[in-house]
């Protein structure tokens, strides 16, 4: 298929005997915003560095547009990287930084000048040509790093936690900026982050990774609403993960109470994990609830209240609600069927890092 | 006691030290340099640098110092790159190996080379045993350069190591990513980014090399007079402190100039580790 721009096939990589990537296979489609998401040490940055050519896999093949580029050095690849902490050339002006790649390729001066103007306009920093990188703020330096990469017209832009060093407000602004850039340039973005909110906001496709394995691949909605295992559910947003018993299709028992749900195909009387997002736990009068519990904790978060409701068996439910229930009060809990997500129990502890293939 | 007073009290020993052992001797050199034996003001001592034998010594000293500095730089740069590249844990042992000889007495090390390089020395004995052509390097400018390079190489390696270690690996990766090959990356990125280290390394080799008289005494056989030897002789043999001080002042100008150049480039203090 021509739309598969990058194809990582059975990639294995270890450092000092420690396996970082284990038989990883991944497609990246043309023009998609793909995010590699996971905790530190999950192998996401190594994956990016293998695509960029800064690491060579021990085993496996990297195909770019159908051609094998596994052993190709970074300067021969049609992609550019935006590094963590910007990695600008501090001894050069902004214009010289942006011109670096073009000068190496031997472009004419007028072409380079046009490109610098265009790129600075694109990242909203016109007129910064003669400044030195050290006089710019973190956010501005990051934009220059992006400008320096995109003037080379790469087919793919690799971004390694580019917003990690910025403060929250700036990070949110830059997220919109990146989405706009991606749409304007019409190129493929491969983005690495450990920030699940960032991933949900910007991506077309999210690849959740843990311990060198891909946990789940899917759209942000799919990853959030239908996590395939406990790791994904726990990593993407807050969630209540409780033990359940699948009585039959579309019926699950939680803490002795039967809940209607929409999942099927798990078998009858089978132990499962049940994921319920805190905003999907509805608090009602005790006599109207499917379960009852006591509010044991209450914090005002601005948009909503965050509460903990302890059920008689001792489980603390995390609840997000715009209605406030004071600590000590008895409440009922209900959950709508489509808000209950059923997952297979991991067969062993290793299975929390189960290899899921799309 | 006010804070300022405490500060002053704490600084007192150092002020005393500077006054007694830095400023006072400096004034004495200046005083001797601009007076004659009767204590009358004169610029003859300084002007005597223009005498052919002094100019010759100064020029030879500058020449040999420049050659030594260049050799040190060419040897130290690849070495510093290797030290930075090969692992953080291992490189500290490697760095140690280069600092270690500096813990031994400078005179002792130079005298050791005298014994090694002599016409009937250890090296020639080995060469003779192996039936290889003998070397006649002792008492030549070549031996002096050799001694300078040997003694001052660590002073070049350390500032270069410091400034190379400071370069973010991703800056190098970025240059490669933007299409530069290894050679282009070195000349456009690595080398310019280490200019502060290069400048302080050059100063730290050039200044002691320019003023040395021990190395030239021991390895040059007192036949080759550098400006340092001339000054030393004025103090220790001819007992003309006025002339010695006057020549020292001239030499000081060269040192101050190279210090200023180094300070301009090395704002981050790469050489300050020493």
DSSP bridge pairs, the protein assembly as shown: antiparallel proportion in percent, nearest 5: 75 percent
Number of partner chain Cβ atoms within 10 Å, mean per residue of B:176-189: 6
Fluctuation leader among B:65, B:200, B:258 - chain B, Gaussian network, Cα springs under 10 angstrom: B:258
Whole-number percent relative contact order across chain A, with pairs defined as alpha carbons under 8 Å at least 6 apart: 15 percent
For residues of A:146-155, the mean tally of beta carbons on other chains within 10 Å: 1
Computed over the range A:22-98, the ratio Rg/Rh where both radii use C-alpha atoms and Rh is Kirkwood: 1.00
The range B:173-255: relative contact order as a whole-number percent, Cα under 8 Å and 6+ apart: 17 percent
Rh (Kirkwood; distinct C-alpha pairs) - the range A:282-333, Å: 10.7 Å
Ranked by how many other beta carbons lie within 10 Å on average, peptides A:206-215, A:59-68, A:158-167 from highest: A:206-215, A:158-167, A:59-68
Relative contact order, percent, the range B:87-158 [alpha-carbon distance under 8 Å, six or more residues apart]: 28 percent
Cα principal axis extents for the range B:59-217, largest first, Å: 57, 38, 29
Overall Cα dimensions of chain B - principal axes, largest extent first, Å: 75, 71, 34
Ranking of B:241, A:317, B:103 by count of other Cβ atoms within 10 Å, fewest first: B:103, B:241, A:317
C-alpha long axis of helix A:168-185 to longest principal axis of chain A, angle in °: 60 degrees
The range A:4-225: Rg to Rh, with Rh as the Kirkwood radius over Cα pairs: 0.96
The range B:23-144 - Rg over Rh from alpha carbon coordinates, Kirkwood radius: 1.13
Most mobile of B:113, B:17, B:59 in a GNM of chain B (Cα contacts under 10 Å): B:17
Where N is the number of residues in the protein assembly as shown, Cα Rg divided by 2.2 N^0.38 Å: 1.40
Ordering of A:325-337, A:74-86 by packing [mean C-beta count within 10 Å, highest first]: A:74-86, A:325-337
Degrees between helix A:138-150 axis and first principal axis of chain A (Cα, 0 to 90, nearest 10): 60 degrees
Rounded to 5, percent antiparallel among DSSP beta bridges of chain A: 75 percent
Ordering of B:127-138, A:17-28, B:166-177 by packing [mean C-beta count within 10 Å, highest first]: B:166-177, A:17-28, B:127-138
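Applying 1/(1 + (r/R0)^6) with R0 = 56 Å to the Cβ-Cβ distance of residue A:108 and residue A:260, what FRET efficiency is obtained, to the nearest 0.05?
Values: r = 69 Å, r/R0 = 1.23.
In this case the efficiency is close to 0.25.
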Average projection area in nm² (convex hull over Cα atoms of the range A:215-317, one quarter of hull surface): 7.5 nm²
Theoretical FRET efficiency, 1/(1+(r/R0)^6), r = Cβ-Cβ of residue B:93 and residue A:323, R0 56 Å, to 0.05: 0.30
Using a Förster distance of 35 Å, the FRET efficiency for residue A:303-residue A:131 (Cβ separation, nearest 0.05): 0.35
Angle between chain A longest axis and helix A:94-104 axis [Cα atoms, degrees, rounded to 10]: 70 degrees
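Is there a simple number for the mean count of other chain Cβ atoms within 10 Å of the Cβ of residues in A:82-92, and what is it?
Mean partner shielding for this stretch: 5.
Values quoted throughout were computed directly from the atomic coordinates according to the rules given, and no laboratory measurement underlies them. On a predicted model such as this, the values are computed, not experimentally measured, just so you know. Using ideal geometry, Cβ is built from the backbone for each residue, glycine included, and neighbour counts are taken over all protein chains shown.
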